[in-house]
Amino acid sequence: MALHEACYVGDLAAVRALLDRGEEPNAEATSGRWVSCRERPRPLNCVAIAWAMTEDHVRIARLLIERGAVVDETVRRDHGIEAAGREADAAFAALIAE
């Protein structure tokens, strides 16, 4: 859960340290935290990269992908990676296209 929180708040150093200690980048969160995703609030009970993407932390998303995080269709759809007009969306799209 610490990895997810670090991704959400944008703490790149903490994310790196947690991954170095063996945290699994594709583990699902079990938190009761609620955020607003588009028009409806929903629990963030998904993978760490989704938490990073929700808050536009592109460098953290890049690190997670380098360490094996999977960006599947659910993450893309739920977290706006394909939405137009936001700088972070373009950065995420370019990141997963690499």
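Hey, among the residues in the stretch 37-86 that are of a type in the set (S, T, N, Q) and over 18 Å from LEU12 (Cα atoms), which one's modelled with the lowest pLDDT?
Residues of the stretch 37-86 of a type in the set (S, T, N, Q): 45, 54, 74.
Checking the rest, the ones that are also over 18 Å from LEU12 (Cα atoms) come to 45, 74.
Working: ASN45: 58, THR74: 70.
Among those residues, the one meeting the criterion is ASN45.
Name the residues in the stretch 49-63 that are closer than 15 Å to ALA29 by Cα and either of a type in the set (S, T, N, Q) or more than 8 Å from the chain's Cα centre (by Cα) (or both), would you? Give the derivation first.
We begin by selecting, within the stretch 49-63, every residue closer than 15 Å to ALA29 by Cα; these are 49-54.
The answer is THR54, and nothing else.
Which condition breaks for GLU24 when tested against (1) modelled with pLDDT of 90 or more; (2) assigned to a strand (DSSP E or B)?
Single failed check for GLU24: (2).
The values are calculated or read from the model by the stated rules, or taken from the named source; none is laboratory data. The structure displayed is predicted, hence computed values, not measured ones.
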